[in-house]
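In what follows, a structure is listed as structure tokens, so that the remarks can point back to it.
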Amino acid sequence: MIEKMNRVVVIIVSCLIMLFVLAPIIVLVISSFNLSRYFEFPPTGFTLEWYQAFFNSKEYQKALLISARVASSAAALGLLAGIPAAFALDRYKFRGNSFLQSIFLSPLLLPQIIWALGLIQFFSLVRFGDRSILGSFVGIVLAHTVIIIPYVIRMVLTSLHYVDPDLEYAAMSLGAKPVRTFLEITIPIILPGVLVSAVFGFMVSFTDVVVSSFVAGTRYITFPVRMYSEIRTEGLDPLAVTVSAFVVIFIVIIAMIGERTIRWSRFI
Amino acid sequence: MLTKAKWPLFVLLLPGSLIIGIVFLLPFVFLIIQSFWTYESSFVANTTFTLANYAKLFSDSYYFDVYLRTVKISLISTAITLILAYPLARFISRLGTGIKGFLLSLVALPMIGGAMIQTMGWMAMMMRYGMLNGILMGLGIAKEPVAFLGTELGIIIGLVQSFIPLMVLPLVASLGAIDISLEEAAKSLGANSARTFLEIVLPLSIPGAVSGTILTLMMNLTMFVTPSILGQNKIMVFGTIAYQQAISVGNWPFASAFAIFFILSIGLLALLARTVTKALQKSQVNNIKSEQRINGVEL
């Protein structure tokens, strides 16, 4: 009896904490349909007005497009650099292996804002012709690649642990060259991890505001940076909330598909 | 694995090492160097060596107040985050694979959504007639709208929610690794739920709690979007000062000096935390040993 009551209390408390964690996301989605301009609660009425405004807003669409371009370039670069590195870290025993691994993962642990401070100084000194790469597309993509690489390495390492090296030896003993073995045995097995890290990396870059707002400059203003500067100067407005709600809905759908198809939570 | 030759290893590691080395590690070197440069005017500094940036940091009590406020808010937020994350992690860790994965991917949503989206949601909720006040006044807890925006309370609420996921994930990992038969054994030997929890579950979950706490504390100490938006520029912390100095004022040397002072003191905090936990673990082991000696059981 007491055990049963304990269980009920545990479930209720857990649900409340869960609700707290998801509260901002839920509220954004509700507010995007709220008739009131001032986010009154309970909502004063249902409207699609803000979504209409969003679909007519060239400015927000441009910001989302820039974010998508930055995020896809950075995710591609992150995969190109991260997958081989993870493979080397998992399959080769060499001195300094674990040290190198912690270096590769360090962008997850070291404070982004402190790195960003050094980065703007560094970028302002790196020049192509007469322009520094601070505020350029290349600059933002490189910075985001650094944020993505540790996720790729961690997730690919996790999935490499599932690969039985015997499978690779078997393929090679049957005459397959290492490259073919890698393409036909290893890649298919680690594909879920690679896919999750690509999607996760894309989204982390897409929603990054800390590093972006330092290195963005004025030409490539990503969607979260636009939100940040607008809220700071003009306060919260329903259009900005609606664009964010749109992104939230997109993220939730991706997360649920990812969980259902390849159980992506095991890589997070 | 496949070959003995060294060159494939080198080739595989090269692209990642180049990017992390040049774009991530090198800027920290620049940060250190630039903190000794001389500020002239906005976005202009010359390379003359100076200690003025550090002197300004220690002579102006404003920055020391900012530092103390940052540490205070971070410690409070981290403690509340741990208290709220623990029961949730314990609950999730004991569920079956399917529902566990579903809940974990829900918990991870704030991490993927990023600081901006979380902060916007909180701002909408914390408005004068927003959801939080709607609920508080509806339940009769508050007679008048409570001010959340522009207060430390608002910032702490926002920070706690943003970093619960960071705390839950390592906790679920270490709580999930506890063999359920250990708990059952303790219960069958007559220990009640509370004692089983205190003597079996809690000690075994310490590694997850420590790594989650360090990560969360680090994030809280260097957060800038949440304090900037929810604090409405009325409550300055390290992150908002760093942004203001680097982006608005353009005083990079001073921003660098502040950052270096800050990261060094965080490092000291982390070192202290590690020493304390090591000492705790040691005393725990000693306790177990002495109990075993009392009971006459050899190791």
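None of the figures in this text is laboratory data; all of them are computed from the coordinates on show. Bear in mind that the values here come from a model prediction, so they are computed numbers and not experimental data. Here Cβ is always computed from backbone atoms with ideal geometry, including for glycine, and neighbour counts include all displayed protein chains.
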> With respect to A:M172, is the statement that it is under 18 Å from the mean Cα position of the chain (by Cα), within 10 Å of another protein chain (Cβ to nearest Cβ) and either of a type in the set (V, I, T) or surrounded by 13 or more Cβ atoms within 10 Å (Cβ to Cβ) (or both) true?
Replying inline: no
>> Taking the condition of being of a type in the set (K, R) and under 16 Å from A:P107 (Cα atoms), how many residues in the stretch A:142-182 meet it?
In response: 1
>> Need a quick list: helices (runs of 4 or more DSSP H) entirely within the stretch A:161-268 having at least 1 residues that are without any contact (Cβ under 8 Å) to a residue 40 or more places away in the chain and under 19 Å from A:A76 (Cβ atoms).
In response: A:187-206
> Can you find even one residue in the stretch A:49-61 that is part of a helix (DSSP H, G or I), farther than 25 Å from A:F214 by Cβ, among the hydrophobic types (A, V, I, L, M, F, W, C) and out of contact with any helix residue (DSSP H, G or I) (no Cβ under 6 Å at 6 or more places or on another chain)?
Replying inline: yes
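With the condition kept exactly as written, say whether any residue in the stretch B:192-205 is of a type in the set (G, A, S) and under 18 Å from the mean Cα position of the chain (by Cα).
In the first step, residues of the stretch B:192-205 are kept if they are of a type in the set (G, A, S); the result is B:193-194, B:205.
Subsequent filtering for residues that are under 18 Å from the mean Cα position of the chain (by Cα) retains B:205.
The answer is yes, given that some residue of the stretch B:192-205 is of a type in the set (G, A, S) and under 18 Å from the mean Cα position of the chain (by Cα).
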>> Looking at the stretch A:220-236 only, could you name the residues that are surrounded by fewer than 24 Cβ atoms within 10 Å (Cβ to Cβ) and aromatic (F, W, Y)?
In response: A:Y220
>> Can you report the number of residues in the stretch A:17-48 which are in a helix (DSSP H, G or I) and either in contact (Cβ under 8 Å) with a residue 40 or more places away in the chain or at the interface with chain B (Cβ under 9 Å from one of its Cβ atoms) (or both)?
In response: 15
> Can you name every residue in the stretch B:239-259 that is part of a helix (DSSP H, G or I), more than 8 Å from chain A (Cβ to nearest Cβ) and either of a type in the set (A, V, I, L, M, F, W, C) or surrounded by 16 or more Cβ atoms within 10 Å (Cβ to Cβ) (or both)?
Replying inline: B:T240, B:I241, B:Q244, B:Q245, B:V249, B:P253, B:F254, B:A257, B:F258
> Among B:S35, B:S61, B:S17, B:S77, which is the only one that is surrounded by 17 or more Cβ atoms within 10 Å (Cβ to Cβ), free of Cβ contacts under 8 Å to residues at least 40 places away in the same chain and of a type in the set (S, T, N, Q)?
Replying inline: B:S17
> Would the stretch A:212-219 turn up any residue that is in contact with a Phe, Trp or Tyr (Cβ under 7 Å, 6 or more places away or on another chain), crowded, with 17+ Cβ neighbours inside 10 Å and among the hydroxyl-bearing types (S, T, Y)?
Replying inline: yes
